[in-house]
Amino acid sequence: MGSCDSTAVQESPVAYFRRQVNNCFEYAGDGKAAGAKIVGIMCEYTPREIIMAAGGIPVCLCGGSREMIEPAETVLPANLCPLIKSTFGYSLLKKNPFLEMADLVVAETTCDGKKKMYELLSRERPMYILELPQKSDDADSFDRWVHELDKFRKELETRFKTDITSEKLKEAIRVMNRERKLKRELSALMKEDDPPLTGRDLLDMKSLISGMPEDMVQYEKALVALKGREPDATSGSRVRVLLTGVPLPHGAERVIDIIENNGGLVVCQENCTGLKPLLEDVENGSTDPIISIAEKYYHLPCSVMMNNTRRIDHLKELAREYRAECVIELIWQDCITYDVESGLVKKMAEEELDIPYLRIGTDYSPSDTGRIAVRVEALFETVKGR
Amino acid sequence: MLFAGIDLGSRTIKIVLIDGNGKDIVSSGAVDQGIKQSERADELFEKVLFYTGASRADVGKIVATGYGRNAISWADTTVTEITCQARGTRQGHPDARTIVDIGGQDSKVISLDKNGAVRDFVMNDRCASGTGRFIEIVAQRLERGIDEVGFMAARAVGASIISSMCAVFAESEIVGLLAAGEPPENIIAGVEKSIAKRVASMAGRKVEEPVIFTGGVALVPGMKEALAEAFESAITVAERPRLTAALGAALLAAGRSEIYAKNIK
């Protein structure tokens, strides 16, 4: 025990988060043994606070493994987003331990691919689907979302035989707001001229499970340690990249590595594994916490929303705050909503920010790594030639 | 002092040597790609040098480009084919605003700003249907040489409609067309049209003129006309279209670009 403790003390936060899957596995196992419910989630629209207030542990189930694609294609069409296929492949092969532990899987009606995959998944797994209205600035749509969250709250109360009181919701909001704040502060370190970490380091400093107390301790430690760290001598000469588009789930980090191995530094990640879910907190202290939760989540600027002008506004702000020299947009193969929207992002980058834009469309297989590297390198040559 | 540009493309290796003034091509050569591309490039380099009577010591700097650019240990630095293509094309066509480059396994459309700097570019994704590979496949299927098929297209009375989205599956479509009695000339013309359309749709909106056509496929008779129709724009085939990227690399080696200066910093 003694030796274990001393390694834990010496371990850097970056190293701690590199073990995040194991950390989460232990935490979920202990939690389940103590009677907590494991709730799988697949999207940043899922209001984690309500799950936590019901005594649940929300675990992200998004698949990032290319090993799961082939099995998934025995059921799903090949022309589908790899994230959807990988997630489904894990279920088919029963290879995601968190899914196997899950008492419930919660998902939303977001993109077509996900919805139809959920339909198949719900035949095999206990699932609850929230209907996400998609008119971003429509009051009736928002009311509908509030109603959906109320229903969800009641569903969890019945299913888990518990009361989701306002007090419990407020406590969950407090925990999630704290986590979001810490992660925002970590991200903000990238605003420096010579940031003390890479975009890949920052991407790794996340957790499949929200609200784990040890994670918070490590985020705080990281902030202290990194603020005082000498910057990498080479980081100043690297091209500052704003990476936007689809998320890079655990195992699917290839594109950020290509960018950072070819002269770039990803200073800002406007996606669901980056800043997108952290942009806004839930107002704590309102009379109806469900409405406050609904607001925060409804504002998430995903491309399934119509119109998604909020994303373009955020991108503009972020590019300026983080002093991006170019925009790279990652689009998973057959992600229709992000792909269609990419034209607007390109236009904004070129016309309003006056910086070059590059779209990378790919999937989880490494066959086009060389081709992507050429484009990224050429983009950086263009930036430096300006 | 000489400067060398080496373009290690997906199908061929091209080398250009220029003199110190960066104006004239002193010597150049091309060879098919192989497994040991570094050795192939080495042999070609010796050959290209031999014609000039110079030795390696006379070569000031070497820039490598193309997919195999990192395979050459004796290059001083690497620059991507996008930047090299732009630089090389600008030499013969200083007013170029768009470059359409169709090579053995890829195609790209590069837009340049008024000063000739790269403004934007698009490349084909994992698909060969807009590349020279498509012409090779059909040449094989029709049992003709790659040099011959372009001239055949010129004799076509009409272009066959090739609807397949995939160069590999188009082969079976071609077999079907042949069985139906379609003349091979029309099939080649149809393939050229299909390649041109694919590249034009990749480029998206209307491109700015002048449009310069580079890459090995620019040498295939009929392709220029097919592109002109697909792009709804006048197309000029570059001077020595196969060598523009290698020439650009040589020019960058001669230090005529800020990009290069920043790269070696």
Subject >> DSSP beta bridges in the protein assembly as shown [antiparallel fraction, %, rounded to 5] >> reply: 35
Original post:
Scaled to the compact-protein estimate 2.2 N^0.38 Å, what is the alpha-carbon radius of gyration of region B:1-62, rounded to two decimal places?
Top reply: 1.06
Subject >> region B:95-238 - share of DSSP beta bridges that are antiparallel (%, nearest 5) >> reply: 60
Subject >> Under the Karplus curve 6.51 cos²θ - 1.76 cosθ + 1.60, θ = phi - 60°, whole-Hz ³J(HN,Hα) for region B:209-224, x wherever Gly or Pro sits >> reply: 8, x, 9, 9, 9, 10, x, x, 5, 5, 7, 7, x, x, 5, 4
Original post:
Which value, in nm² and rounded to one decimal, describes the direction-averaged projected area of the C-alpha convex hull of the protein assembly as shown?
Top reply: 33.0
Original post:
What residues have an amide H closer than 5 Å to that of residue A:105, excluding those fewer than 5 places away on the same chain, when H is modeled at 1.01 Å from N in the peptide plane?
Top reply: A:40, A:127, A:128
Original post:
When the label point is put 7 Å from the Cα of residue A:157 along its Cα-to-beta-carbon vector, which residues of region A:24-53 have a backbone N closer than 16 Å?
Top reply: A:50-53
Original post:
Between residue B:115 and residue B:21, what FRET efficiency follows from the Cβ-Cβ distance if R0 is 22 Å, with the result rounded to 0.05?
Top reply: 0.55
**OP:** Holding the Cα-Cα limit at 21 Å, pick out from A:85/A:116; A:114/A:181; A:115/A:346; A:183/A:296 the pairs that are longer than that.
**Re:** A:114/A:181; A:115/A:346
Original post:
Setting aside same-chain residues fewer than 8 positions from residue A:154, which lysines have a Cα under 18 Å from its Cα?
Top reply: A:37, A:168, A:170
Subject >> Computed E for residue A:181/residue A:306 - FRET, C-beta separation, R0 25 angstrom, nearest 0.05 >> reply: 0.25
Subject >> Rounded Å value of the spacing that divides the Cα centres of region B:88-121 and region A:164-201 >> reply: 44
Original post:
Using modelled backbone amide H atoms (1.01 Å from N, in-plane), which distant-in-sequence or interchain residues come within less than 5 Å of residue B:213's amide H?
Top reply: B:100, B:236, B:237, B:238
**OP:** Would you please give the residues with an amide H less than 5 Å from that of residue A:239, counting only those at least 5 places away or on a separate chain, with H modeled from the backbone geometry?
**Re:** A:264, A:265
Original post:
Considering chain A as a Gaussian network with a 10 Å cut-off on Cα pairs, which listed residue, A:61, A:344, A:226, attains the greatest mean-square fluctuation?
Top reply: A:344
Original post:
Using alpha carbons only, how many degrees (0 to 90, rounded to 10) separate the axis of helix B:244-253 from the longest principal axis of chain B?
Top reply: 20
Original post:
Once all Cα-Cα distances of chain A are split into 10 Å bins that start at 0, what whole-number percent is in each one?
Top reply: 5, 23, 33, 27, 10, 1, 0
**OP:** List the DSSP H helices in chain A whose Cα atoms stretch 15 Å or more along the helix axis and whose mean Kyte-Doolittle hydropathy is at least 0.0.
**Re:** A:82-93, A:369-385
Subject >> With Cα atoms, 0 to 90° folded angle of helix B:37-52 axis to chain B main axis >> reply: 70
Subject >> Rounded Å value of the spacing that divides the Cα centres of region A:248-277 and region A:112-148 >> reply: 27
Original post:
Of A:354, A:103, A:215, which has the largest mean-square fluctuation in a 10 Å C-alpha GNM of chain A?
Top reply: A:354
Original post:
Which one of A:221, A:276, A:191 has the biggest mean-square fluctuation once chain A is modelled by GNM with Cα springs under 10 Å?
Top reply: A:221
**OP:** Pull out a ≥ b ≥ c, the square roots of the eigenvalues of the alpha-carbon gyration tensor of region B:149-211, then state rounded if a/c is under 1.5, prolate if not and a/b is larger than b/c, and oblate in the remaining case.
**Re:** oblate
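Since every read-out is calculated from the coordinates, none of them should be taken as a lab result. Please read all numbers here as calculations on a predicted model, not as lab measurements. All Cβ positions, even for glycine, are placed from backbone atoms using ideal geometry, and neighbour counts span all protein chains on display.
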